[in-house]
1. Among the residues in segment 255-266, are any over 29 Å from the mean Cα position of the chain (by Cα) and open to solvent by less than 30 Å² (accessible area, probe 1.4 Å)?
2. Would you mention how many residues in segment 340-352 are open to solvent by less than 40 Å² (accessible area, probe 1.4 Å) and at pLDDT below 80?
3. Tell me, please, whether a residue that is in contact with a Leu (Cβ under 6 Å, 6 or more places away or on another chain), outside any strand (DSSP E or B) and open to solvent by less than 40 Å² (accessible area, probe 1.4 Å) can be found in segment 238-249.
4. For residue 56, which of the numbered conditions (1) in a helix (DSSP H, G or I); (2) over 24 Å from residue 232 (Cβ atoms); (3) at pLDDT 85 or above; (4) open to solvent by 20 Å² or more (accessible area, probe 1.4 Å) fails to hold?
5. Is there any pair with a first residue in segment 66-81 that is at pLDDT 75 or above and a second that is surrounded by 17 or more Cβ atoms within 10 Å (Cβ to Cβ) whose Cβ atoms are under 6 Å apart and which are 6 or more apart or on different chains, and what are they?
6. Going through segment 299-314 one residue at a time, which ones are out of contact with any Phe, Trp or Tyr (no Cβ under 9 Å at 6 or more places or on another chain) and surrounded by 19 or more Cβ atoms within 10 Å (Cβ to Cβ)?
7. Filter segment 134-166 down to residues that are among the β-branched types (Val, Ile, Thr) and modelled with pLDDT of 95 or more and give me whichever is most open to solvent (accessible area, probe 1.4 Å).
8. Could you look through segment 82-92, keep only residues that are of a type outside the set (A, V, I, L, M) and in a helix (DSSP H, G or I), and pick out the one that is modelled with the lowest pLDDT?
Amino acid sequence: MRFVLRLVRILFTFWRFGVGEMALTGLGPRRLGPLARVLPLGRRFTEPRGVRLRLALERLGPIFIKFGQVLSTRRDLMPLDVADELAKLQDRVPPFPAAEARAIIERELGLKLEAVFAHFDDTPVASASVAQVHFATLRDGNEVAVKVLRPGMLAVIDDDLAILHTLARWVERLSVDGRRLRPREVVAEFDAYLHDELDLVREAANAAQLRRNMADLPLIIVPEMHWDLCTRNVCVMERMTGVPISQIGRLRDAGVDIKKLARDGVTIFFTQVFRDGFFHADMHPGNIQVSIAPETFGRYIALDFGIIGTLTETDKDYLAQNFIAFFRRDYKRVAELHVESGWVPPNTRIDALEGAIRAVCEPQFDRPLKDISLGQVLMRLFQTSRRFNVEIQPQLVLLQKTLLNVEGLGRQLDPDLDLWTTAKPFLERWMDEQIGGRALWRRLKAEAPHYAKLLPELPRLLHDALARQAGQRASDESVLLAQLVREQRRTNRLLGGVAWGAVGFLAGAVVARLVLLANGG
């Protein structure tokens, strides 16, 4: 019943705010345009379409808000008025009352608010889909940001995820393409990440790990956590002060090099993905600021660590080889990697897949980012993948989402940014570190403690190995000798039987001859 009621609410909300007409109108009058003109009957919309879409997504809750956040970064796919309005979902979702936030903090910490904070600002500085943030000052004078989880989130998310799981099952049953896209596994991954985001202790741990990883890269700042004030529903961290990355005018007025900022963003992303295999996977503009403080001027400030992506060494190696092959326009190697990884059936013709990939990617090289039609590229890639039965890899869904966010940010900062040219030398250097002489020396140093422990034991281990080998050889010889003895005995028994049979035959012949002679014959 909850499922049906939630589905009805979604459909009603879309109808109320005219979301259905927006989608249907885009299909053209020859198809569903007439239906789009019929649906609004009985209603009059006084607000712009972008506002109506934002309000509909806000009404439907966190999953739909996150969907709107992603759309807001895709200005090449969305009309500018809609993208600008959806950008408000990034940190301007309607907040819940400060009294509720105070009650949650006191319940989680087991202390009165005044015992922890010298000052607590009731007006949230940011209000997002899952939580909201208040600035505060600790009793010791340190300025902090207090993140409080929205009350009642779990039930809403579980209802929406139940609908997504059901839709995924329908898609797999009704569509061949749907089975290839593995929607149930994709939704399961999304389910896990959303539930992880509801645990603020996990988010704090993610931030601490990212802070350690980025310590040697002076391009990004990650806030420090106050672990004694972190629980599942409350997280207290170092206060960050910066300019939202979407406010490009303010950054330019402050003297920030916008083009360098765009290049630094690419470097940060590829460092997290290919060096650490641990990357911030919710990089929409609402979660990124830029420092204008003198000591950290021009650095990125990362916020909101609820969604973190991880890659195995196998994933990183495969992805890096694919990127390198793309940058070198070695489409045959890309096709071979798809077969080697099992993404396409093993009987796929390499030359045919190579030609299809070349047709999709070759037109995109040597063009600035602003001139690349990602919508057309994605459509062509989908057609190619359907032709060759390419399977979507669920473990890379977050990486794909983050790539879209990074491209969207790059488009806003520097439309002329050539993503390929910026990333190619970084990836080639990374590959050299993975397979070159430096990689061998690094691995030897990493294994040195193990070798130092093993070295004194080598004589004993060698003796034991030789003894086992000698014992095994002696055992094998004993078994062989026993087998020979058994065979000899069986042969002797066989020969004895034959001999006794011959003696019996001769004796019978002699007796028969004597009987014949006695009878006169």
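The values are calculated or read from the model by the stated rules, or taken from the named source; none is laboratory data. Predicted, not measured: the structure shown is a model, and the values here were computed from it. With ideal geometry, Cβ positions are generated from the backbone for all residues, glycine too; neighbour counts draw on all protein chains shown. Note: areas computed on protein heavy atoms with side chains; ligands, DNA, RNA excluded. Shrake-Rupley method; radii C 1.70, N 1.55, O 1.52, S 1.80 Å.
1. Yes - at least one qualifying residue is present in segment 255-266.
2. 1
3. Within segment 238-249, not a single residue is in contact with a Leu (Cβ under 6 Å, 6 or more places away or on another chain), outside any strand (DSSP E or B) and open to solvent by less than 40 Å² (accessible area, probe 1.4 Å).
4. (4)
5. Listed pairs, sorted by first residue: 68/57; 68/86; 68/89; 81/50.
6. 299, 300, 301, 302, 303, 304, 305
7. Applying the filter and picking the extreme gives 137.
8. 88
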